[in-house]
Amino acid sequence: MGHCFAMDWSDDGIVLGLRHFGESSAILEALTREHGRHLGLLRGATSKRLKGALEPGNVLKLHWRARIDQQLGSYTIELVSARAAQFFSDGLKLGGLSAACAMVAATLPEREAHTRVYEALDQMLSTVTEKASPGWIEDYVQFEIMLLEDLGFGLDLTECAVTGEREGLAFVSPKTGRAVTAAAAAPYKQRLLALPRFLTPDDGAASVQDLVDGLALTGFFLERVALEQHGTPLPAARGRLTERLAAQGPDR
């Protein structure tokens, strides 16, 4: 990539967050399609014209410019899709949106292209707006499985690590990320993570407990693979999503 391009580019971006900076500016954090998780200074961010465009989850056309590559640089933006508004009427969905944006912000290195994560996040957020709560949590968990894969740690949930069987998978080894059947797991199942049926070849309708188990599974590995080495816990928004889901009672 030529040096001039590094200092001036346009790309699609999903808003992850915003930190106020000075009186009317903000530092915008976005996941871009081609340039990864990228920050830039946005002037006039508190103005009426821009405020609504900067909600997490919205899709923007971003133009970034800096004098030298290492600088924070500045953004100019254009709103492409005001998707965040579709989440406001459902507390659980809003929690999912906040958690997804916080997880991406916490786990992806800065300025490193992760196009697959961009496309998966974009797709997952569109799916959430179309599905009833809490069923879309399945899609959220699948998104985090893909995020893990993209970070270099794929879960292997297709067959039992001990017997090779593909039916009756019920647990996951916290060491290897591989599935284990209920029978093979019996002697040490208290040390294993629950594997919800919606992530197995058996599939089946997911209860609230299955969805909670799904979030616990991906949360465990994301914390271990992507966050622990930096001494960072799971983002608070991610914990709140699980709490909000669990509060829905045993089944819906």
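The values are calculated or read from the model by the stated rules, or taken from the named source; none is laboratory data. Owing to the predicted nature of the structure, the values given are computational and were not obtained by experimental measurement. When we count neighbours, we look across all protein chains shown, and the Cβ atoms used for this are built from the backbone with ideal geometry, even at glycine. These area figures cover heavy atoms from the full protein model, side chains too; ligands, DNA and RNA do not enter into them. Shrake-Rupley method; radii C 1.70, N 1.55, O 1.52, S 1.80 Å.
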- Message: What aspartates and glutamates does residue 61 reach when the alpha-carbon gap must be under 17 Å and sequence neighbours fewer than 8 apart in one chain are set aside?
- Response: 8, 11, 12, 29, 34, 78, 119, 122
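Quantify, in whole percent, the carbon and sulfur part of the accessible surface of region 149-249 (1.4 Å probe; protein heavy atoms only). Display every interim value, and only then the final one.
Values: 2550 of 5080 Å².
Answer for region 149-249: carbon and sulfur cover 50 percent of the accessible area.
Could you sort 230-237, 29-36, 171-178 so that the peptide with the highest average Cβ count within 10 Å comes first and the rest follow in order?
Result, highest mean first: 29-36, 171-178, 230-237.
Is there a pair in 48/93; 51/93; 93/189 whose C-alpha atoms are over 27 Å apart, and which pairs would that be? Present the calculation step by step, with values, prior to reporting the outcome.
Numbers: 48/93 25 Å; 51/93 21 Å; 93/189 32 Å.
In this structure, 93/189 exceed 27 Å between Cα atoms.
In Å², and per residue, what accessible area does the chain have when probed at 1.4 Å with the other protein chains present?
It amounts to 48 Å² per residue over the chain.
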- For region 15-69, what's the radius of gyration and Dmax over Cα atoms, in angstrom? 11.0, 31
- Note on the structure: When the charge dipole of region 72-163 is computed with +1 on Lys and Arg Cβ and -1 on Asp and Glu Cβ about the Cα centre, the Cα farthest towards its positive end, among 123, 157, 73, belongs to 73
- Message: Let me cross-check residue 8: its accessible surface, 1.4 Å probe, with only protein heavy atoms counted, in Å² to the nearest 10?
- Response: 60
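For region 98-244, with only Lys/Arg (+1) and Asp/Glu (-1) charged at the beta-carbon, what is the dipole magnitude about the Cα centre, in debye rounded to 20?
On the way: 13 positive and 21 negative charges, 99 e Å.
My answer is approximately 480 debye.
May I ask you to list the chymotrypsin sites (Phe, Trp or Tyr not before Pro) in region 50-124 that are in a DSSP loop and have at most 13 other Cβ atoms within 10 Å of their Cβ? Provide the component values of the computation, followed by the final result.
Working: sites: 64, 75, 87, 88, 118; in loops: 88.
Sites meeting the loop and neighbour criteria: 88.
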- Compute the distribution of all C-alpha to C-alpha distances in region 72-201, in bins of 5 Å from 0, and list the percent of pairs in each, rounded to whole numbers. 2, 9, 16, 16, 16, 15, 12, 7, 4, 2, 1, 0
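Determine the percent antiparallel among the DSSP beta bridges restricted to the chain, to the nearest 5. All intermediate terms of the calculation are to be shown ahead of the outcome.
Values: 34 of 37 bridges.
Antiparallel bridges make up about 90 percent of those DSSP assigns within the chain.
Would you mind working out the magnitude of the charge dipole of the chain relative to its Cα centre, with +1 at each Lys and Arg C-beta and -1 at each Asp and Glu C-beta, to the nearest 20 Debye?
On the way: 26 positive and 32 negative charges, 165 e Å.
In total the dipole reaches around 800 debye.
Quick check for me: using +1 on Lys/Arg Cβ and -1 on Asp/Glu Cβ, what's the dipole size of region 1-117 about its Cα centre, in debye to the nearest 20? Numbers along the way, then the final one.
On the way: 14 positive and 12 negative charges, 50 e Å.
Magnitude of the dipole: close to 240 debye.
Restrict the search to region 39-128; then list the GluC sites (Glu not before Pro) that DSSP places in a loop and that have at most 12 other Cβ atoms within 10 Å of their Cβ. Mind showing how you got there, number by number?
Working: sites: 78, 110, 112, 119; in loops: 112.
Those satisfying the criteria are 112.
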